[in-house]
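Below you'll find the structure, written out as structure tokens, and then a few comments.
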Number of protein chains: 2
Amino acid sequence: MKTLSENKCFGGVQGVYAHASTSCNCDMTFGLFLPQEARDGPVPVLWYLSGLTCTHENAMNKAGAQAWAAEQGIALVFPDTSPRGDDVADDDDYDLGQGAGFYVNATQSPWTAHFAMWDYVADELPALLGEHFAIDLSRQAITGHSMGGHGALTLAMGLPGRFRSVSALAPICNPTETEWGRKQLAAYLGADETTWARHDATLMMRQSGFDGPMLIDTGTADQFIDLLRPEALAGAIAERRQQAIFRLQPGYDHSYFFISSFIEEHVTFHAEALWA
Amino acid sequence: MKTLSENKCFGGVQGVYAHASTSCNCDMTFGLFLPQEARDGPVPVLWYLSGLTCTHENAMNKAGAQAWAAEQGIALVFPDTSPRGDDVADDDDYDLGQGAGFYVNATQSPWTAHFAMWDYVADELPALLGEHFAIDLSRQAITGHSMGGHGALTLAMGLPGRFRSVSALAPICNPTETEWGRKQLAAYLGADETTWARHDATLMMRQSGFDGPMLIDTGTADQFIDLLRPEALAGAIAERRQQAIFRLQPGYDHSYFFISSFIEEHVTFHAEALWA
């Protein structure tokens, strides 16, 4: 593992690290914020999964989450959103290929060689964090934005017992029904839609739900709201009687200004579960 | 004036606007955060001047200041750091020309046609803000980072009575003595160093000081600290018995992670003076 940068931040350290990933078969970069408490021993961790076109950097630089993570004494990890590199398959569209991993393991050509973001976030990166940093892997929570909200919700429901709490900001809620999903799931997983179901938060909510608290915020002025389909997940949550807070925030859009406005509440929400 | 974007943010609006500048003789872009209180009437304003290579965007996206400005009910304005455009003079180095206006009015060729950042920030932009937005021009404060810290300190001392408080993060403190200053002041103002003195915070502090509270933070691990010369300004502050808080923050560097770590204290510091 290589340290690309470390900056003191809110008493802790905001680092950026690169490593050769076995799941993605390429070098991967991630951001990690460790609060000052990590000097004395392992701390809980909140995963932040980013959206389309993002790298490990966007949320790390723009969400403002470190302020609250420092206050709560928890770590933040910011994975990249896909494998990267000249020899990694890509697409001309922003919403497929590099920057658009959708948190699945691709089974279709040309994506299989590198696109295994589910394994990367579910297995490889947690193991690496536990090995190299003062992270308490028994206390994990997960959040994300847009495609990363989709990732957070599907990983949380797909890995029962792993995460104590899950939240999402403007998540893609029902990708099997919209063009932020059908296109990518078909490309990465193939035409058999039964394989898509465990990558659709609404279908997973109908199937099993999440054993813990859930918080979801979406802006009423979100310019992509038709692609997100919050109504589908809201319905599924209500039908399951899932413990959840589902909010539509008046006037907010899909931008990082929306994220930064609510990130304190998300970090605090997770901290409560992580320290319980 | 043209609205480039408006995003709801912490209950208020983060806007980006462009206008034809008469002082800089080109189109200029600025960011403006208005807290929700601005709907009911004029609010105080805190200026944030950015550093070398920055545009209006960097602090707006990365400093996290809106959270605290919203809490305090004050506006934030993020001007650009220089005139811009294909017909605007530039230099191959990052620290001269576009992105490096140094908050002076150039008197030397080829810079005179557009480089009038002092007039832009001191006169033109405040008038524009007062005309188009709910800004109370009788309650202004100013801060900035690096070259922008230099701008904040020199504008505050150069315009007595204008700003109620001044602060700076890792400011260039003594530009007439280092290569972050001598090169640019010579280029913009010419070889006669007597014209440089009113653009050097340390010299201005020796000359006149500031009639109000002053807060300055610099990281002990700042990679540019030799170019900033905090020791010169600290000495001048002490000699003048200037009301000031001058801090060296252990382990912090020159990055936005340093800025975001302390921006709450800066905004709160200004809010106290603005609401007094």
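Selection of region B:1-20 for residues being away from every other protein chain (no Cβ under 13 Å), in contact with a Leu (Cβ under 8 Å, 6 or more places away or on another chain) and part of a strand (DSSP E or B) yields B:TYR17, B:ALA18, B:HIS19.
Selection of region B:74-95 for residues being surrounded by fewer than 21 Cβ atoms within 10 Å (Cβ to Cβ) and either among the polar types (S, T, N, Q) or more than 24 Å from B:PHE257 (Cα to Cα) (or both) yields B:ARG84, B:GLY85, B:ASP86, B:ASP87, B:VAL88, B:ALA89, B:ASP90, B:ASP91, B:ASP92, B:ASP93. Taking region A:199-221 as the range and being assigned to a helix (DSSP H, G or I) and under 20 Å from A:ARG241 (Cα atoms) as the test, the residues that pass are A:ALA201, A:THR202, A:LEU203, A:MET204, A:MET205, A:ARG206, A:GLN207. For region A:50-59, a residue qualifies if it is among the aliphatic types (A, V, I, L, M) and either within 14 Å of another protein chain (Cβ to nearest Cβ) or over 22 Å from the mean Cα position of the chain (by Cα) (or both), and exactly one does: A:ALA59.
Taking the conditions exactly as written (open to solvent by 10 Å² or more (accessible area, probe 1.4 Å), more than 14 Å from chain B (Cβ to nearest Cβ) and either in contact with a helix residue (DSSP H, G or I) (Cβ under 6 Å, 6 or more places away or on another chain) or farther than 13 Å from A:CYS173 by Cα (or both)), does A:ALA234 satisfy them or not? For A:ALA234, the condition - open to solvent by 10 Å² or more (accessible area, probe 1.4 Å), more than 14 Å from chain B (Cβ to nearest Cβ) and either in contact with a helix residue (DSSP H, G or I) (Cβ under 6 Å, 6 or more places away or on another chain) or farther than 13 Å from A:CYS173 by Cα (or both) - is not met. Of all the numbered requirements in (1) surrounded by fewer than 18 Cβ atoms within 10 Å (Cβ to Cβ); (2) outside any loop (DSSP other than H, G, I, E, B); (3) within 17 Å of the chain's Cα centre (by Cα), B:TRP47 misses one, and that requirement is (1).
Restricting to region B:201-230, give me the number of residues that are among the acidic types (Asp, Glu) and either within 14 Å of another protein chain (Cβ to nearest Cβ) or free of Cβ contacts under 8 Å to residues at least 24 places away in the same chain (or both). Don't jump to the end; show me each part of the working.
We begin by selecting, within region B:201-230, every residue among the acidic types (Asp, Glu); these are B:211, B:217, B:222, B:226.
Narrowing further to those that are either within 14 Å of another protein chain (Cβ to nearest Cβ) or free of Cβ contacts under 8 Å to residues at least 24 places away in the same chain (or both): B:217, B:222.
Counting residues in region B:201-230 that are among the acidic types (Asp, Glu) and either within 14 Å of another protein chain (Cβ to nearest Cβ) or free of Cβ contacts under 8 Å to residues at least 24 places away in the same chain (or both) gives 2.
Looking at A:PHE30, is it more than 14 Å from every other protein chain (Cβ to nearest Cβ), touching a residue at least 12 places away in the same chain (Cβ under 8 Å) and not in a loop (DSSP other than H, G, I, E, B)?
Details: more than 14 Å from every other protein chain (Cβ to nearest Cβ): yes; touching a residue at least 12 places away in the same chain (Cβ under 8 Å): yes; not in a loop (DSSP other than H, G, I, E, B): yes.
Answer is yes for this residue.
Conditions (1) out of contact with any His (no Cβ under 6 Å at 6 or more places or on another chain); (2) under 23 Å from B:MET214 (Cβ atoms), marked per residue:
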| residue | (1), (2) |
| --- | --- |
| B:LYS2 | yes, no |
| B:GLY11 | yes, no |
| B:SER21 | yes, no |
| B:ASN25 | no, no |
| B:GLY31 | no, no |
| B:PRO35 | yes, no |
| B:CYS54 | yes, yes |
| B:GLN66 | yes, no |
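Residues that are surrounded by fewer than 24 Cβ atoms within 10 Å (Cβ to Cβ) and touching a Phe, Trp or Tyr at 6+ places or on another chain (Cβ under 6 Å) within region B:160-184 comprise just one, B:THR176.
In region A:237-276, the qualifying residues are those that are more than 14 Å from chain B (Cβ to nearest Cβ) and among the β-branched types (Val, Ile, Thr), and the one that is least open to solvent (accessible area, probe 1.4 Å) is A:ILE237. Restricted to region B:33-44, and to residues there that are buried (at least 18 other Cβ atoms within 10 Å of the Cβ) and not hydrophobic (A, V, I, L, M, F, W, C), the residue that is nearest to the other protein chains (Cβ to nearest Cβ) is B:PRO35.
The residues listed here are A:GLU131, A:GLU124; of these, the one that is open to solvent by 10 Å² or more (accessible area, probe 1.4 Å) and closer than 15 Å to A:LEU49 by Cβ is A:GLU124. Applying a threshold of 7 Å to beta carbon distances and a minimum spacing of six or more residues, or different chains, the list of pairs starting in region A:256-267 at a residue that is β-branched (Val, Ile, Thr) and ending at one that is not in a helix (DSSP H, G or I) reads A:ILE259/A:ALA63; A:ILE259/A:HIS145; A:ILE259/A:LEU169; A:ILE263/A:ALA63; A:ILE263/A:GLY64; A:VAL267/A:LEU46. Against the conditions (1) more than 30 Å from A:SER109 (Cβ to Cβ); (2) buried (at least 24 other Cβ atoms within 10 Å of the Cβ), A:ILE225 satisfies every one except (2).
Return the residues of region A:1-22 that are open to solvent by 30 Å² or more (accessible area, probe 1.4 Å) and either in contact (Cβ under 8 Å) with a residue 60 or more places away in the chain or aromatic (Phe, Trp, Tyr) (or both); say none if nothing qualifies.
The initial filter retains those residues of region A:1-22 that are open to solvent by 30 Å² or more (accessible area, probe 1.4 Å), namely A:1-6, A:8, A:10, A:13, A:20, A:22.
Matches in region A:1-22: A:MET1, A:PHE10, A:THR22.
Among residues of region B:135-159 being open to solvent by 30 Å² or more (accessible area, probe 1.4 Å) and in contact (Cβ under 8 Å) with a residue 40 or more places away in the chain, the one that is farthest from the chain's Cα centre (by Cα) is B:ASP136.
The values are calculated or read from the model by the stated rules, or taken from the named source; none is laboratory data. Because the structure is predicted, anything quoted here is derived from the model rather than measured. Because the Cβ atoms are built from the backbone with ideal geometry, glycine has one as well, and the counts that use them run over all protein chains shown. With ligands, DNA and RNA removed, areas are computed over all heavy atoms of the protein, side chains included. Shrake-Rupley method; radii C 1.70, N 1.55, O 1.52, S 1.80 Å.
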